[in-house]
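One structure is given here, and the rest of the page talks about it.
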Amino acid sequence: MVILHAGLPLPGGFTGVDIFFVISGFVITRALMKRLSADGRLVMRTFYFARIRRLLPALALMLVVVLLVSMALGAIGAMGTTARTGAAAALINANTYLMIFDVGGYFDAASALNPLLHTWSLSVEEQFYVVFPTLLLLSWLGIRRFRSSQPLVRVRWMLLIGTAMSFALAMWLSFVVPADEAGGFLGRFDYYSAFTRGWEFAAGGLLAVAPLAWLATRRSALIAGAAGAALIAIGLVVITESGTYPGPLTLLPVVGAVLVIAAGTHEARNPVSAALSTEPMVWFGNLSYSWYLWHWPFIVFAGIWWSGSTGPQVAAAAVSLGAAWLSMKYLEEPIRFRPHPSHRSTLRLAAICVALPLLAALVLSQWHATLKRDVTINPFALHLDSLLDCDSPAPLGKKPAACTWLAADSRGRAVLVGDSLAGQYSEGFVEGMAASGLDAQVATLSACPFMEFGADTAAARNLGFSQDRQCASFVRRTMASLIADPPDIVFISASAQRFLHPTSDSSPAVLEWAKARADMIRRLQATGTSVVLIDPLAKFDGWGPMTEGPFKEAPAITVLRGGSQYNPELPRVEVHQALANAVTAEDSAVAETGATSLQFLDRVCSAETCAARKGETWTYRDFEHLSVAASQGLASAFAEAATTLLAARDLP
């Protein structure tokens, strides 16, 4: 798993989690069964207090350190998610937070910036520890109707039924959720949920109570161990990050782990078990929990600072061993092996281990709010549409009240719609409409081009244009709202340049886009609304994270110290070439319908170049979006366009 996280080529490295769950289920079931077999009862308090001392101090230390370090080294755009993940992890629910609220899947690029993403598996394990001992005890004691059967038989049936139910749910989800929707809720539920991972723990538990006398010979143990190791190795190669997981291929690491554990339990002299029992392997095994805690934060921070380079991430994974050893030596072992700890001290320890990470998460959350709102600290602050939740799947009529700005002595209403390339104009639009005496509304949805092709799906396919259901619903319902309650002016900005690339023969695509855009404009104009199309701006392809300019993927410290000196520039001639087809398509729709075209290129760029920064002022906040300051600088242009259109409407 560490190998995969460090960026080395091991596709199925993440199956280490599955192996870990099997081992955990085996170890806990075996320990609990020994106590039940000895005196027929479990002292739950003893078990839970031991788990608290074993798991929580190391987890709490890691959470507090990572949350506070993230204030300087964490990616600005990931701070909010990191803070919420840390708080959830302290409450043993990181998997639930990521399952319900994380907009991307585990393997999405945005997730790779969260240094606490790995805590989901620890939460699953802890949830197992909370529920499983009670189920085991109830199965052992039985109910009156089934007390005639042996307690061990009842435990086996409980584990077998639990394994079957959890396995069936995971497999069903893996088949019904398409691979390209694995990042959706059902895909995240399959990956993060304790219900779909429970069968992996139960498989280890079944092994702990199964009669496996046939493994008592060295030959049978050798065959089982070798087969298990082979299955694990195959899984590391053939299982990839694509698709919904866990799925049928998860049987490779799970069955493999069961066979390897079984071989070592019943005949430890077999070569596979002997190799795993060498001193270095035992040392790594003892350190595994601590290393798992620390390896991912080290790798993430290295990746933020040295983006695209595997070497620093591998080095970070190695260095994290030192942090893991220090944690084990000076925190975990003294607490874990403290003789005769009182129940009161253990409860006090648990409270501290929850409270301190929650406090650190609150500090990081407030720091993130300061960074992203104060343009004097962060010139790459989020735009109004993002800050006020105007950038969301809710259509125009369902946006929050904060997405409407009322003008003094209002003369009418103007609306800004589109994707994030519309949202980048939020500040200039709102200020410009206020100067024109118009109420202003903003309705955006990032990564959702505001375009409808109607029944002409062939034209959309020819352009490579596609919308997910959420985006299509946003466009359709927002158009319906604009038609049902027509504003005086609609400003539209969409990502035409993403679909109309500068190719030698692009006239059919340009015509298809222009036709679809003109149809939308006419529908709006039929209600008496004036339509303004905003032409696209320059895009700085290849503008990466920290080393190429601080933006949402850069560590906060680069902004606090003035940011990078990197200043990407493009010759105007290249910009015109790149945007030619998009501008032609939008302007053709304008010419055909009599709408208005609003062009900001001359205001943002000089006569010769388009630059991401002018002097000490950043014009762009990332590779394709204007900064807040640049958006504010366009207020007069918005006001001028609105005033002209209002005057034209007043003419007899």
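For the structure I just gave you, tell me whether Trp306 is under 22 Å from Val17 (Cβ atoms), within 26 Å of the chain's Cα centre (by Cα) and not hydroxyl-bearing (Ser, Thr, Tyr).
Details: under 22 Å from Val17 (Cβ atoms): no; within 26 Å of the chain's Cα centre (by Cα): yes; not hydroxyl-bearing (Ser, Thr, Tyr): yes.
It is false that Trp306 is under 22 Å from Val17 (Cβ atoms), within 26 Å of the chain's Cα centre (by Cα) and not hydroxyl-bearing (Ser, Thr, Tyr).
Within region 478-520, the residues that satisfy the criterion of being within 31 Å of the chain's Cα centre (by Cα) and in a helix (DSSP H, G or I) are Thr478, Met479, Ala496, Gln497, Arg498.
If you go through region 412-446 and pick out every residue that is part of a loop (DSSP other than H, G, I, E, B) and in contact with a strand residue (DSSP E or B) (Cβ under 6 Å, 6 or more places away or on another chain), you end up with 2. Does at least one position in region 274-285 carry a residue that is under 30 Å from Gly184 (Cα atoms) and either modelled with pLDDT of 80 or more or in the same structural domain as Phe167 (by TED's automatic domain parsing) (or both)? No; the residues of region 274-285 include none that is under 30 Å from Gly184 (Cα atoms) and either modelled with pLDDT of 80 or more or in the same structural domain as Phe167 (by TED's automatic domain parsing) (or both). For region 409-436, the set of residues classified as more than 25 Å from Ala629 (Cβ to Cβ) and not basic (Lys, Arg) consists of Asp409, Ser410, Gly412, listed by residue number. Restricting region 231-254 to residues that are among the aliphatic types (A, V, I, L, M) and within 18 Å of Gly204 (Cα to Cα), the residue that is nearest to the chain's Cα centre (by Cα) is Leu249. Of all the numbered requirements in (1) buried (at least 17 other Cβ atoms within 10 Å of the Cβ); (2) at pLDDT below 90; (3) within 29 Å of the chain's Cα centre (by Cα), Leu136 misses one, and that requirement is (3). Thr346 meets each of the listed conditions (1) within 18 Å of Arg45 (Cα to Cα); (2) surrounded by fewer than 18 Cβ atoms within 10 Å (Cβ to Cβ) apart from (2). Within region 566-581, at least one residue is touching a strand residue (DSSP E or B) at 6+ places or on another chain (Cβ under 8 Å) and either at positive phi or assigned to a loop (DSSP other than H, G, I, E, B) (or both).
For every residue, the table says whether it meets (1) more than 24 Å from Val258 (Cβ to Cβ); (2) touching a Phe, Trp or Tyr at 6+ places or on another chain (Cβ under 9 Å); (3) at pLDDT 90 or above; (4) exposed (fewer than 15 other Cβ atoms within 10 Å of the Cβ).
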site: Ala87; (1), (2), (3), (4): yes, yes, yes, no
site: Thr96; (1), (2), (3), (4): yes, yes, yes, no
site: Pro115; (1), (2), (3), (4): yes, yes, yes, no
site: Phe128; (1), (2), (3), (4): no, yes, yes, no
site: Trp140; (1), (2), (3), (4): no, no, no, no
site: Arg156; (1), (2), (3), (4): no, no, no, no
site: Ser166; (1), (2), (3), (4): no, yes, yes, no
site: Pro178; (1), (2), (3), (4): yes, no, no, yes
site: Arg188; (1), (2), (3), (4): yes, yes, no, no
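In the set (1) modelled with pLDDT of 85 or more; (2) crowded, with 17+ Cβ neighbours inside 10 Å, the condition left unmet by Gln366 is number (2).
Matching residues to (1) at pLDDT 90 or above; (2) under 30 Å from Thr644 (Cβ atoms); (3) in contact with a His (Cβ under 8 Å, 6 or more places away or on another chain); (4) surrounded by 13 or more Cβ atoms within 10 Å (Cβ to Cβ):
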| site | (1), (2), (3), (4) |
| --- | --- |
| Asp456 | no, no, no, yes |
| Ala459 | no, no, no, yes |
| Phe465 | no, no, no, yes |
| Cys471 | no, no, no, yes |
| Val475 | yes, yes, no, yes |
| Ser481 | yes, yes, no, yes |
| Ala484 | yes, yes, no, no |
| Ile489 | yes, yes, no, yes |
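If you go through region 598-625 and keep only what is free of Cβ contacts under 8 Å to residues at least 40 places away in the same chain and either in a loop (DSSP other than H, G, I, E, B) or farther than 17 Å from Asp535 by Cβ (or both), you end up with Ser606, Ala607, Glu608, Lys614, Gly615, Glu616, Thr619. Do we have Ser148 as assigned by TED's automatic domain parsing to the domain that holds Pro246 and modelled with pLDDT under 80 here? In short, yes. Here Leu251 fulfils each of the conditions (1) at pLDDT below 90; (2) out of contact with any helix residue (DSSP H, G or I) (no Cβ under 7 Å at 6 or more places or on another chain); (3) not acidic (Asp, Glu) apart from (1).
Conditions (1) modelled with pLDDT under 90; (2) in a helix (DSSP H, G or I); (3) not aromatic (Phe, Trp, Tyr), marked per residue:
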| residue | (1), (2), (3) |
| --- | --- |
| Gly7 | yes, no, yes |
| Leu10 | yes, no, yes |
| Asp18 | no, yes, yes |
| Lys34 | yes, yes, yes |
| Arg41 | yes, no, yes |
| Thr46 | yes, yes, yes |
| Val64 | no, yes, yes |
| Leu67 | no, yes, yes |
| Ala78 | yes, yes, yes |
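The listed residues are Asn581, Asn567, and the only one of them that is of a type outside the set (Asp, Glu), crowded, with 19+ Cβ neighbours inside 10 Å and at pLDDT below 90 turns out to be Asn581.
Reported count of residues in region 588-597, each being crowded, with 17+ Cβ neighbours inside 10 Å and part of a helix (DSSP H, G or I), is 4.
The values are calculated or read from the model by the stated rules, or taken from the named source; none is laboratory data. Source: prediction; values computed, not measured. Reconstructed Cβ throughout: ideal geometry from the backbone, glycine too, with neighbour counts over all protein chains shown.
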